[in-house]
Each structure stands twice: as structure tokens, then as C-alpha cells.
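First the structure, in the form of C-alpha cells, and then the observations on it.
The values are calculated or read from the model by the stated rules, or taken from the named source; none is laboratory data. Quick caveat, the model's predicted, so the values are computed rather than measured. Cβ sites come from the backbone with ideal geometry, for glycine too, and all protein chains shown count toward neighbours. Calculation scope for accessible area: heavy atoms of the full protein, side chains included, ligands and nucleic acids excluded. Shrake-Rupley method; radii C 1.70, N 1.55, O 1.52, S 1.80 Å.
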Amino acid sequence: ESKPRLAFKPFEGSTNVREISGRSCRVAITSAENQDSLRGYDFAMAHLSEAAYWADTAKHSPDDIIRNIAVSVADIPYSLVVIESTANGIGDFFYEEWQRAKAGKSDKRPVFVAWYEIEGNSTDLEVSPEEFAATLTDEDMRFWNLGCTLQQIFWRREQARKSRKARQMITEFPTDDSEAFGATNDGVFDAADLERLLAAC
């Protein structure tokens, strides 16, 4: 028995809702700029992407997006709402939601994925392991103590060489959440130090 070919097809003439043929599953796609386009739908899952970059204006609010879409997801087993993003500084909607989740004040669970946890963020060494190990800096040793391999440390060095500013590289490949949010600010203080100070405020 042949399985039906999986493909997206328009659902009932909608421009932003597609049905996966063979699965009777519908997928709706919209943008933060058009947050009312999915009003009235019922969802089993919602993936809200790059939330740190959602506009917060008189017409578009991250809180409105959550109200319009995330509340349409039924609170039943196997339902899911994911809010993910690259960090974009301290004080925006995504940062505040991250802090609420970390403090246990949100219905969301914080999940941070460090650069070294991503499969593929590793490069073969150009020299022997012994030669490379002899060049490890204090920062490299921090990664080593986190459990990184020499190949991962070499990969990170190569990424750093591609960026003119260290903050640009750290924003895209952070080691922890303090680094992720702090690297996107143009402050003069270390992000980890700021996090420790904020904890006492």
C-alpha cells in the first residue's frame, strides 16, 4: 500500500492556511505585522518565531500577538506554544518573557540552547590536538570546562574571525542567556556582571 504524498495545498481558498495532504493537518502562517489574520482559529500548536524583533507600536504589540494566537491553542495534552528568538537586548518583550519564565512566573518553560549544543558547530583541527591545545586562551578554557571539544573551540574561533566585532558573534552564538541578552546591548560592562547585579535589585 503506497503512502499518500505529503504536500502543502491551499485550505478552503485561504491565502495563509495550508493543509498537509494525507495528514488532514492544517498549518497557518502569518507575520507579527498581520497579527489579526488568524483570529478565530483553533490551534494545537503555535511556533512564534524571532519574538525579540516584533514591533511594539500603537498598532502592533507583542502582547496582542500572544493574546490573538497563543490563547487560541487549547490547553490539552500534546498542545504546545513555543516562543523563540535570537536575543535583541534587555528590556523588550522577549527579554521580559524570558525573565518571567526563569522566575517561574510564566506558563512557559525557559529553554536556552548554547552554541556548543548545536550539532554541526564543530570543525576539524588544522593542526594536531596537542598543538591546538597549547594555544588555548582563558576563554577557550572556559569552553573546555563546559565540556566543549577542541573541534568545537576551533569552530568558535573561526566564527569569531568572521565578525568584525566580538559582540556580533556572541549575539548569534551565545554560551548562556546572560551573554545572549547582554551582547546585544552596547554597554561597557560584562553581561555576567550585570546579571549578578540585577539579581540584587
Across the stretch 1-22, what is the total count of residues that are of a type in the set (D, E, K, R) and within 28 Å of the chain's Cα centre (by Cα)? 2
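I'd like to check something: does the stretch 25-32 contain any residue that is surrounded by 14 or more Cβ atoms within 10 Å (Cβ to Cβ) and out of contact with any strand residue (DSSP E or B) (no Cβ under 9 Å at 6 or more places or on another chain)?
Yes, that holds for at least one residue.
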Which one of the conditions (1) within 30 Å of Ala74 (Cβ to Cβ); (2) at pLDDT 95 or above does Asp107 fail to meet, given that it meets all the rest? (2)
Residue within the stretch 161-174 that is surrounded by 14 or more Cβ atoms within 10 Å (Cβ to Cβ), within 30 Å of Pro62 (Cα to Cα), among the basic types (Lys, Arg) and modelled with pLDDT of 90 or more present: no
Filter the stretch 175-192 down to residues that are open to solvent by less than 70 Å² (accessible area, probe 1.4 Å) and farther than 12 Å from Gly89 by Cα and give me whichever is modelled with the lowest pLDDT. Ala192
List the number of the failed condition for Glu33; all other conditions in (1) out of contact with any His (no Cβ under 8 Å at 6 or more places or on another chain); (2) under 29 Å from Gly182 (Cβ atoms) hold. (1)
Does Asp56 satisfy the condition of being charged (D, E, K, R), surrounded by 14 or more Cβ atoms within 10 Å (Cβ to Cβ), closer than 26 Å to Ser178 by Cβ and touching a Phe, Trp or Tyr at 6+ places or on another chain (Cβ under 9 Å)? no
Could you figure out which of (1) modelled with pLDDT under 90; (2) among the basic types (Lys, Arg); (3) under 21 Å from Thr86 (Cβ atoms) isn't true of Arg156? (1)
Inspect all residues belonging to the stretch 34-42 and state whether any of them is in contact with a helix residue (DSSP H, G or I) (Cβ under 6 Å, 6 or more places away or on another chain), modelled with pLDDT under 85 and open to solvent by less than 40 Å² (accessible area, probe 1.4 Å). yes
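Residue by residue, here is whether (1) in contact with a strand residue (DSSP E or B) (Cβ under 9 Å, 6 or more places away or on another chain); (2) among the hydrophobic types (A, V, I, L, M, F, W, C); (3) under 30 Å from Arg142 (Cβ atoms) holds:
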| position | (1), (2), (3) |
| --- | --- |
| Gly13 | no, no, no |
| Tyr53 | no, no, yes |
| Thr57 | no, no, no |
| Asp107 | yes, no, no |
Suppose we keep only residues that are small (Gly, Ala, Ser) and closer than 20 Å to Trp115 by Cβ within the stretch 79-99. Which one would you say is surrounded by the most Cβ atoms within 10 Å (Cβ to Cβ)? Ala87
Kindly indicate whether any position in the stretch 135-143 is touching a residue at least 12 places away in the same chain (Cβ under 8 Å), open to solvent by less than 50 Å² (accessible area, probe 1.4 Å), part of a loop (DSSP other than H, G, I, E, B) and within 30 Å of Arg196 (Cα to Cα). yes
